[in-house]
1. If amide H atoms are built 1.01 Å from N in the plane of the peptide, which residues on other chains or at least 5 residues away come under 5 Å of the amide H of Trp77?
2. Suppose we take every Cα in the chain and form the convex hull; what volume per residue is that in Å³?
3. Taking the alpha-carbon centroid of each part, what is the distance from region 105-148 to region 29-75 in angstrom?
Amino acid sequence: MGHLAEGDDDANTPWADHALIGLIPSWVSTRGDLNDVEALNVNDGYQWLRSTEPTIDQMLTAEFVRELHGRMFGDVWTWAGTYRRTETNLGVDWWEIAMRVTQLVDDLRYRAEHTPTENSENIDLTCIEYHHRMVTIHPFPNGNGRHSRAFCDALVSALGRPQFTWGRLSIVSDRATRRAYIESLQSADDGDLTDLCLFARS
């Protein structure tokens, strides 16, 4: 997960006080510190997914969306698993979040129920569409990309496909991998999910 962690380019930059509201570990003072503690917590979230093996019906609820975020970031942020209540330069208006997340999981449940399991490309596309839409909503103050990728890994596994690799198979630097990820998201913003699907399997 570290190769796609938000803020890796500023690993040694001290954070402003307002950016650390809700931070649990008192010793964190730089972006690098934060990346380290979040990576450990994110790993705990993946371990929880592996140990519980949630079903598709269990996953496709707004409650599970929030619980997974809490499992991945609850040791680091007091607001983990709670929708943001502030406006950001990314995502929908905060007051739309609950409605949009519910609509998304409902849409995905329908797609999952009507996607032939023998069609691997359709399964991947369904999961990647979820990822892009959730990142576009930006429901949490932080960790949205990592949370959405973990959800997609669990969903695609439940649908009988291998988990995504998210650029880990590419022999490039972390910065180049993240750049490719951002560019594939931008293509998805323009309505073309091809690059994001390819990146998820690269």
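Read-outs throughout are calculated quantities, based only on the coordinates presented, and are distinct from any laboratory measurement. Quick caveat, the model's predicted, so the values are computed rather than measured.
1. Ile24
2. Cα-based convex hull of the chain, divided per residue, equals 115 Å³.
3. The distance from the Cα centre of region 105-148 to that of region 29-75 comes to 16 Å.
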